[in-house]
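Notes follow the structure.
The values are calculated or read from the model by the stated rules, or taken from the named source; none is laboratory data. Note that this is a predicted model, so its numbers are computed, not measured. Here the Cβ positions follow ideal geometry from the backbone for every residue, glycine too, while neighbour counts run over all protein chains shown. With ligands, DNA and RNA removed, areas are computed over all heavy atoms of the protein, side chains included. Shrake-Rupley method; radii C 1.70, N 1.55, O 1.52, S 1.80 Å.
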Amino acid sequence: MTGETTYRITVGIDGSPASKAALRWAVRQAELTGGEITTVIAWDYPPIYGWEVPNGADLDNDAARILNAVLAETFGDEASVFPHREVVQGHPARALLDVANETAAALIVVGNSGHGGFTGALLGSVSQHCVARARTPVVVVRAEQHDGSG
C-alpha cells in the first residue's frame with residue numbers, strides 16, 4: 001500500500017437534464033484525476049399531513065430505476081469510470097451531504113436545478129443547500145451550458 005488516497009466525487013442524480021450534465025462533468029473530472037464517482041438519488045414522502053404511500057408503490061425501486069436509466073444513458077457500453085450507486089430515503093440535499101461525508105468525497109457535483117424547482121432559478125434548493133453546508137467544494141453544472149466540449 002502506497003498510502004495514496006482515491007479522489008472521490010459525489011454526484012446528485014434526479015433524472016433531470018441538469019443532473020445528467022452534472023454526471024457527465026463528474027465523469028470527465030474522475031477521468032482526469034483517476035477518481036471514483038458515487039451517484040446518489042434520494043426520495044422522500046411529501047410533507048403533507050395524512051398522505052399515504054399508494055398500495056404497491058415501491059419508491060426505493062422507482063428511484064433505483066431512474067438512477068440506472070441515467071447511468072445507462074450517460075455511460076452506454078463504454079464506461080471509463082464505474083460509478084457506485086446509492087439510493088437513499090430522505091431529503092436530497094441531506095442525502096448528498098451525508099453520502100459525501102461517509103465516502104470522504106473531495107467534491108460534490110450537482111445540477112443547477114432539477115425536478116420540482118423554479119425553472120428560471122439560478123440555483124435549485126438542493127444545490128443551494130449543498131453550497132451553503134458542504135464540507136467540500138461543490139460544483140454546480142448548468143444543463144444548458146453543457147455541450148460536451150469543455
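Entry remark, region 64-91: residues being within 15 Å of Leu23 (Cβ to Cβ), surrounded by 13 or more Cβ atoms within 10 Å (Cβ to Cβ) and not β-branched (Val, Ile, Thr) number 8 in total.
Here Val110 clears all of (1) modelled with pLDDT of 95 or more; (2) open to solvent by 40 Å² or more (accessible area, probe 1.4 Å) except the condition numbered (2). Figure legend. Inter-residue proximity from region 15-37: first residues closer than 21 Å to Ser125 by Cα and touching a residue at least 40 places away in the same chain (Cβ under 8 Å), second residues in a helix (DSSP H, G or I) and open to solvent by 60 Å² or more (accessible area, probe 1.4 Å), beta-carbon distance below 6 Å, spacing 6+ or different chains. Indicated pairs: Gly15/Ile66.
Of the residues making up region 25-59, those that are modelled with pLDDT of 90 or more and acidic (Asp, Glu) are Glu31, Glu36.
Only one of the numbered conditions (1) open to solvent by 30 Å² or more (accessible area, probe 1.4 Å); (2) at pLDDT below 95; (3) among the small types (Gly, Ala, Ser) is violated by Ala104, and that is (2).
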